[in-house]
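J.: First the structure, then my questions, so here it is.
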Amino acid sequence: MEQKQSRQIEERKRVGLSGSPFDLVVEATGGAVVGSWKAKLHPLGATGVGSLRFEPGDYWPTTYESASAVSEEITVGDELAELKDRVASLASDVESIKLAIKQCEEGINTILDELREKPIIKQTELLEIDETLEVIMPIPVVIEEYDDEVIAAFPEIEAFGVGSGEAEAIRNLKEEIRKIFFELEKTSEDELGKLPLTWKKVLLKVVKNIGNAQ
Amino acid sequence: MGMLSSLKIKQMTNCLENKLSMDFRGGKEPLAWYYLDNKKVLKAKITNVHGGDTLSIGVATKLKNSLKLDREGLKMLYNCPMSGADYESKIRRMGIV
């Protein structure tokens, strides 16, 4: 008569599967002749099942050996492959996130740089230039105050003067307007591109050559 | 500090003279023209109030605007990736010749 045996065997043994070490916990129950085993691989939690033959009179060591022999049949390839894919996918996500963070940092630094470069702006007008040019229409001037300099600009002709203070900047702007006016005045229109032509027209509206030496 | 505050005057002047054939000789604040098709197309000025060797942020910004470049474009022109021919193509595409 078959003796039914029910044995719980728990043993941790390191077995090699495809070169990776895992703990094999074997829980074997069953009858005297044929039983079943369940192996759980730690820490992955993959399980395999199979059959295990108990021989009458089997003792714990034999069962253990059988279990270790059968462990080679455990196919956890699918679970392992799935886990590997998940890990690879997570790794890829991490790299994407790192790249996005780097791009955000660069964007923030660019914005901070641009903010630092913003001057305080105010406006004024020029009503005179010098003894060579008469102002016939007030010239709108934009004053830009930075930490260590002031720029006075006549944006319509892309002219500007720089100084330590407003007075010096305006003085240099006047000189710039004078230079540009006389340069454009002596250049024929077919030698001027679109922008210089526009600048010349603007200058002719706001200043007049009063005939003194250039 | 940002990119615009680190531009060396000498290097920028050399760059504009060599790549764009602009002439910065003459006077305290020389006005240089950029020519295309024998026409004066753009002008630029390089000036330095405080005597240091780098362009101030204000002047660098004005220079960038005069050359019709953004920050990245000015950086490429200054550092080397953008050649004179590249710049010319860019200006022509803008339609301001």
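The values are calculated or read from the model by the stated rules, or taken from the named source; none is laboratory data. In this text, all values refer to a predicted model and were calculated from it rather than measured experimentally. Counting neighbours? That spans all protein chains shown, and the Cβs are built from the backbone with ideal geometry, glycine included.
J.: Quick check on residue B:95: is it surrounded by fewer than 19 Cβ atoms within 10 Å (Cβ to Cβ), without any contact (Cβ under 8 Å) to a residue 60 or more places away in the chain and more than 9 Å from chain A (Cβ to nearest Cβ)?
T.: no
J.: If you take just the strands (runs of 3 or more DSSP E) that sit entirely in the stretch A:95-163, which of them hold at least 1 residues that are at the interface with chain B (Cβ under 9 Å from one of its Cβ atoms), out of contact with any Cys (no Cβ under 9 Å at 6 or more places or on another chain) and not basic (Lys, Arg)?
T.: A:139-145, A:150-154, A:159-163
J.: Within the stretch B:44-61, which residues are facing chain A (nearest Cβ under 7 Å) and under 14 Å from the mean Cα position of the chain (by Cα)?
T.: B:47, B:56, B:57, B:58, B:59, B:61
J.: Still on this structure, please answer the following. Go through A:155, A:138, A:119 for me and flag whichever is at pLDDT 95 or above, in contact with an Asp or Glu (Cβ under 7 Å, 6 or more places away or on another chain) and surrounded by fewer than 18 Cβ atoms within 10 Å (Cβ to Cβ).
T.: Going through A:155, A:138, A:119 in turn, the sole match is A:138.
Residues are listed down the side, and each one gets a yes or a no for (1) surrounded by 16 or more Cβ atoms within 10 Å (Cβ to Cβ); (2) touching a residue at least 40 places away in the same chain (Cβ under 8 Å); (3) of a type in the set (Gly, Ala, Ser):
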{"site": "A:94", "(1), (2), (3)": "no, no, no"}
{"site": "A:105", "(1), (2), (3)": "no, no, no"}
{"site": "A:131", "(1), (2), (3)": "no, yes, no"}
{"site": "A:148", "(1), (2), (3)": "no, no, no"}
{"site": "A:172", "(1), (2), (3)": "yes, no, no"}
{"site": "A:189", "(1), (2), (3)": "no, no, no"}
{"site": "A:203", "(1), (2), (3)": "yes, yes, no"}
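J.: Can you find, within the stretch A:164-214, the residue that is farthest from the other protein chains (Cβ to nearest Cβ) among those that are over 24 Å from residue B:92 (Cβ atoms), basic (Lys, Arg) and part of a helix (DSSP H, G or I)?
T.: If we take residues in the stretch A:164-214 being over 24 Å from residue B:92 (Cβ atoms), basic (Lys, Arg) and part of a helix (DSSP H, G or I), then A:205 is farthest from the other protein chains (Cβ to nearest Cβ).
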